[in-house]
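The structure under discussion appears below in the form of structure tokens.
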Amino acid sequence: QTPAPGTVKHDQPLVVAHRGASAYAPENTIAAIDKARDMGFRWVENDVQRTKDGELVIMHDDTLKRTTNVEELYPDRAPWKVKDFTAAEIAKLDAGSWFSEKYAGQRVPTLKQYMRRVSHNHQKLVFEFKKPELYPGIEKQGLRILRNEGWLDKHHVKSKLVIQSFSADSVKTVHKLRPDVKTGFLGTHSVADLPAYARFADQINSTHTSISAAYVSAIHALRGPHGKPLEIFTWTVNDAPNAKRAAGFGVDGIITNTPDVVRKALRDG
Ligand code: G3P
Ligand code: CA
């Protein structure tokens, strides 16, 4: 029997823990992804940059100042850019105390350490190349690490990984190097430009304050490089009214610092 129009329940958006469960544990640390796991969330998001000596690390800002004790350890090294510190120097930093004493001793993970933990936790990942223009060749290097960690096999590529960036060039590069990997282009874009982006991006991931029902429909009306409708994961939604609003527009994913708040809002409907 065909259900009456309007009675079919659409899938709820995926809930993605932004920088891990970053309202409850220091962002982009192992503690933050473990916290997401403990709260029952499979999907996490991160930010990937490169050290002076070429190691990939998990860090959002292009300086180490806000989320580590770098100023205290290296007072003469302002402005404390990620790209000006070696991996060994970064490994000494405390990336937890700024958030809470409870997390003192958390480290800035290398990408390799991070991927091992995501695998161990059976989690899924929205991986962001952050400021890739600062790090030539980071896409190839990041993909090599993902491959070595087993994340580019069929199973992972099919259902566990999205690689996104605010840089169209970076997303294009990832798509060119690994056409099988699902990609996301961050930002709010003109609807007229979306068909061009749909050639290399499977998702258009826009801030929730900029989206509307019409915008989400325009995204869904297009097909991405894998022949499937284009998706949208919106960010960063940390309260129930905005979670319900985004879900009402039919977004495919909600990226949030407070995954529990979003999950409850979606359940309450
Ligand atoms: O995943 C989307 C969101 O993380 C993009 O903004 O600045 O938090 O990396 P930002
Ligand atoms: Ca991010």
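The values are calculated or read from the model by the stated rules, or taken from the named source; none is laboratory data. Since the model is a prediction, treat every value here as computed from it, not as a measurement. Methodologically, a virtual Cβ is constructed for each residue, glycine included, from the backbone with ideal geometry; neighbour enumeration extends over all protein chains shown.
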- Does Phe129 qualify as being closer than 29 Å to Ser167 by Cα, within 16 Å of ligand 2 (Cβ to nearest atom) and surrounded by 17 or more Cβ atoms within 10 Å (Cβ to Cβ)? yes
Verdict on Arg50 being more than 16 Å from ligand 2 (Cβ to nearest atom), out of contact with any Cys (no Cβ under 9 Å at 6 or more places or on another chain) and closer than 30 Å to Lys160 by Cα
no
Of those in the stretch 249-269 that are β-branched (Val, Ile, Thr) and touching a Pro at 6+ places or on another chain (Cβ under 8 Å), the residue surrounded by the most Cβ atoms within 10 Å (Cβ to Cβ) is Ile254
- Answer yes if at least one residue in the stretch 135-151 is farther than 28 Å from Glu89 by Cβ, among the polar types (S, T, N, Q), modelled with pLDDT of 95 or more and away from ligand 2 (no atom under 15 Å from the Cβ), and no otherwise. no
| said: Being surrounded by 15 or more Cβ atoms within 10 Å (Cβ to Cβ) and over 20 Å from His60 (Cβ atoms): is that true of Ala246 here? | reply: yes
Here, helices (runs of 4 or more DSSP H) confined to the stretch 182-269 with at least 2 residues that are without any contact (Cβ under 8 Å) to a residue 40 or more places away in the chain and either among the polar types (S, T, N, Q) or in contact with a Gly (Cβ under 6 Å, 6 or more places away or on another chain) (or both) are 213-220
Filtering the stretch 150-177 down to residues that are surrounded by 18 or more Cβ atoms within 10 Å (Cβ to Cβ) and within 24 Å of Ala31 (Cβ to Cβ) yields Trp151, His156, Lys160, Leu161, Val162, Ile163, Gln164
Within the stretch 227-268, of all residues that are touching a Phe, Trp or Tyr at 6+ places or on another chain (Cβ under 9 Å), within 13 Å of ligand 1 (Cβ to nearest atom) and of a type in the set (A, V, I, L, M), the one farthest from Phe127 (Cα to Cα) is Val251
When restricted to Glu128, Glu139, the only residue part of a helix (DSSP H, G or I), of a type in the set (D, E, K, R) and within 18 Å of the chain's Cα centre (by Cα) is Glu139
Within the stretch 78-101, of all residues that are β-branched (Val, Ile, Thr) and in contact with a strand residue (DSSP E or B) (Cβ under 8 Å, 6 or more places away or on another chain), the one farthest from Asp34 (Cα to Cα) is Val82
In the stretch 120-137, residues that are closer than 15 Å to Leu177 by Cα and away from ligand 1 (no atom under 15 Å from the Cβ) total 2
- Would it be correct to say that Arg19 is touching a residue at least 40 places away in the same chain (Cβ under 8 Å) and over 15 Å from the mean Cα position of the chain (by Cα)? no
